[in-house]
Amino acid sequence: MMEIWAICLILGGGVYLIFVSKIISGLIRLQSETAINSDYTPRVSIVIAARNEEKDIGNTLQHVLAQDYSEEMYEVIVVDDRSEDDTSKIVKTLSETDPRVQHIRQTEIEEHLSPKKQALERGIQTAIGEIIITTDADCIPAKGWIRALVSRFKPDTGMVLGQARFEIGESPPLWQRLQSLDFRSQGYAAAGLAVSGMPFSCTGASLAFRKQAYEDVNGYDGVTKLISGDDELLLAKICQSKWKVNVSRETDVVVPTRPPLSLRELWFQRIRWGSKALFIQTSRKLFLMGVFLFLLSLSIGPIVSILFSSWWLLIGMFTLKCVLDLLSVAIGKTVYREKVNWIDFFLLELIHAPALVLLTTAGHIFSFEWKGQTFHSQGSAK
């Protein structure tokens, strides 16, 4: 058993070394880049899918409508997905006073298909913009958000990745600080990998793509049944097309969003994210399996080390992970001009591997709650 574990840990560690090295090299390249096309001002359509967002949608729309982008060059399409509160009323009232706002009411959905993807599809079909930008109904984009995203488009660019961060306040509990840091670390990794030519993930809270690229890959066709992953699965489809993927490093593309407010919410959010892992591209899936093998081997390492009274390999590989993760986070926070609490970083490292293994596995076993609905791990609603 010791030998099998050691082989898995070493092989997985090799894959992890390559994986994080790609992140680091991509972030270093991103740090040296400047805006590509600051004079590019295409017509833009911002699409927001909203369900039961009466507490946030008004504030979100105020910030979206206050962009430093020409008012004549962008529209905002809000698709209300069967909200049971005053979301629809708030959006409709605003649409009557600001011609840039369109309100679409989604009253019915096709069974066993993702409600959010159906809402986004309706919004994108209605959009007249050359560039589609998505965000969530609880996000607060900066004034330069649109401009920062579109400035990264070249003629062959099909998608530009932005960033998101949790707005956790001044004195949050430890668990919120750790999940916020983990979320930003994922954002740094997504940016670095995309610049290195290996785009794995992105966030729909700050995402821009050409409508033509969306149409060329037939939108969400083929992934509509999956509840989660409207952003990453579309990214995967565009990566397989003729279109290129770019990244913006401007601080204005980092969109604040509301974090999970309880451990229960956090659990459901993370297993929802984990539920899409098996549906990414085969080549990327094999690579991530190597990373998962490393994290799994690290997670069971203490048990194996106790049984066989040998700790040197576990300590060595855990140290390797810490060093690699530290470098990627340090460079990432420099690129986006952010601060990191390094005590929180090392506390997160202690639970990072087992937490990822647990949540990724749980995402394919357990149901989760989202927007007042319960979904099976493979996508259909109960």
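When the charge dipole of the chain is built from unit charges on Cβ atoms (+1 for Lys and Arg, -1 for Asp and Glu) and taken about the Cα centre, the candidate among 69, 115, 213 whose Cα reaches farthest toward its positive end is 213.
Could you work out how much longer the chain between residue 322 and residue 346 gets when fully extended? Use 0.36 nm per residue separation minus the Cα distance between them, nm to one decimal.
Values: separation 24, 0.36 × 24 = 8.64 nm, distance 0.79 nm.
Taking 0.36 nm per residue and subtracting the Cα distance, the gain is 7.9 nm.
Taking every DSSP helix (H) stretch of at least 4 residues in the chain, weighting each as -39,500 (n - 2.57) and dividing the sum by the residue count yields a mean residue ellipticity at 222 nm of -16000 deg cm²/dmol. Since only 367, 198, 148 are under comparison, the one whose Cα sits farthest along the positive direction of the charge dipole of the chain, derived from C-beta charges on Lys, Arg, Asp and Glu, is 198. With Cα extents along the principal axes in Å defined as stated, name the option among (1) 72, 60, 41; (2) 71, 47, 43; (3) 58, 55, 41 computed from the structure displayed. Evaluating Cα extents along the principal axes in Å on these atoms matches (2). Cross-link pairs exceeding 25 Å between alpha carbons, from the set 116/211; 22/244; 117/154; 117/285: 117/154. The DSSP beta bridges internal to the chain are antiparallel in roughly 30% of cases.
Kindly rank 357-366, 306-315, 247-256 from highest to lowest mean number of other beta carbons found within 10 Å of each residue. Don't jump to the answer; show the numbers that get you there.
Details: 357-366: 16.3, 306-315: 12.2, 247-256: 22.2.
In descending order of packing, they fall as 247-256, 357-366, 306-315.
Antiparallel beta bridges, as assigned by DSSP with both residues in segment 37-263, represent about 20 percent of the total such bridges. Charge dipole (Cα centre; +1 on Lys/Arg Cβ, -1 on Asp/Glu Cβ; no other charges) of segment 19-89 amounts to roughly 500 debye. Computed packing ranks the peptides 24-32, 131-139, 290-298 as 131-139, 290-298, 24-32, most packed first, by mean other Cβ atoms within 10 Å. In terms of the mean number of neighbouring beta-carbon atoms within 10 Å, the peptides 87-94, 101-108 order highest first as 87-94, 101-108.
This model, with +1 at the C-beta of Lys and Arg and -1 at the C-beta of Asp and Glu, gives the chain a dipole about its Cα centre of some 920 debye. Dipole orientation for segment 37-263: of the candidates 128, 180, 59, 180 has the Cα lying most toward the positive pole (charges on Cβ; Lys, Arg +1; Asp, Glu -1).
May I ask you to list, by number, the DSSP H helices of the chain whose Cα span along the axis is at least 18 Å and whose average Kyte-Doolittle hydropathy reaches 0.0 or more? Intermediate values should be presented prior to the final figure.
Working: long enough: 2-32 (45 Å, 1.49); 174-195 (32 Å, 0.08); 282-308 (36 Å, 1.74); 312-335 (35 Å, 1.59); 342-362 (28 Å, 1.57).
Counting only whole DSSP H runs, the qualifying helices are 2-32, 174-195, 282-308, 312-335, 342-362.
Dipole of segment 37-263, Cα-centred, from +1 at each Lys and Arg C-beta and -1 at each Asp and Glu C-beta, to the nearest 20 debye?
Numbers: 26 positive and 34 negative charges, 137 e Å.
Approximately 660 debye in magnitude.
Close amide-amide hydrogen proximity is noted between residue 249 and no other residue 5 or more places distant or on a separate chain, at a cut-off under 5 Å (H modeled in the peptide plane; Pro and chain starts excluded).
Every number in this text was worked out from the coordinates using simple rules, so none of it is lab data. As the structure is a prediction and not an experimental result, all values here were calculated from the model. Every residue, glycine among them, receives a Cβ derived from its backbone with ideal geometry; neighbour counts consider all protein chains shown.
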